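The values are calculated or read from the model by the stated rules, or taken from the named source; none is laboratory data. Everything quoted here is computed from the prediction, not taken from an experiment. Reconstructed Cβ throughout: ideal geometry from the backbone, glycine too, with neighbour counts over all protein chains shown. Accessible surface is based on the protein model in full, side chains and every heavy atom, while ligands, DNA and RNA are left aside. Shrake-Rupley method; radii C 1.70, N 1.55, O 1.52, S 1.80 Å.
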Amino acid sequence: QVHLVESGGGLVQAGDSLRLSCAASGRAFSTYGMGWFRQAPGKDREIVAAISWTGGSTWHADSVKGRFTISRDNAMNMVTLQMNSVNPKDAAVYYCAASREVLSLHIHEYNYWGQGTQVTVSS
């Protein structure tokens, strides 16, 4: 079992950068594929980025490609989402999640979720 706690959200201006962190506790963090999701008011939760067990493979949604970067540090049990050039469309609650798959793009394959961190972007 994995317990996830996100941090780093807040209010930023369009064009700014923000770094979200997800601290994991529990066993065998390095055997979980990790993902960042977001959910805006009235919208479905969507995947933003995913990273494989070792960090050797990553995936980013087209809407954030080139602006956001997912990374992980298995020694620190941490996964991060570096968000650059944010815009109002990026405003949402961001969730960190863990999957038993090596790397998953499917929400139903994520078994553990954090409580979320709010990102608000002012234009």
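General observations
- SER123 in contact with a Lys or Arg (Cβ under 7 Å, 6 or more places away or on another chain) and exposed (fewer than 14 other Cβ atoms within 10 Å of the Cβ): no
- Search result, residues across the range 83-114 that are of a type in the set (S, T, N, Q) and under 17 Å from ALA24 (Cα atoms): SER99, ASN111
- Extreme residue, least open to solvent (accessible area, probe 1.4 Å), among residues of the range 1-34 that are closer than 18 Å to SER52 by Cβ and assigned to a loop (DSSP other than H, G, I, E, B): TYR32
- The set of residues from the range 36-71 being surrounded by 14 or more Cβ atoms within 10 Å (Cβ to Cβ), of a type in the set (Gly, Ala, Ser) and more than 11 Å from the chain's Cα centre (by Cα) comprises ALA40, SER52, GLY55, ALA61.
- Criterion violated by ALA75 - all others in (1) more than 29 Å from SER123 (Cβ to Cβ); (2) surrounded by 17 or more Cβ atoms within 10 Å (Cβ to Cβ); (3) of a type in the set (A, V, I, L, M) satisfied: (2)
- Filtered residues of the range 103-117 (kept if open to solvent by 80 Å² or more (accessible area, probe 1.4 Å) and polar (S, T, N, Q)): GLN115
- Yes/no for GLY55 being over 24 Å from GLN118 (Cβ atoms) and either touching a helix residue (DSSP H, G or I) at 6+ places or on another chain (Cβ under 6 Å) or outside any helix (DSSP H, G or I) (or both): yes
- Among residues of the range 78-102, those that are over 26 Å from ALA14 (Cα atoms) and surrounded by fewer than 18 Cβ atoms within 10 Å (Cβ to Cβ), counted: 4
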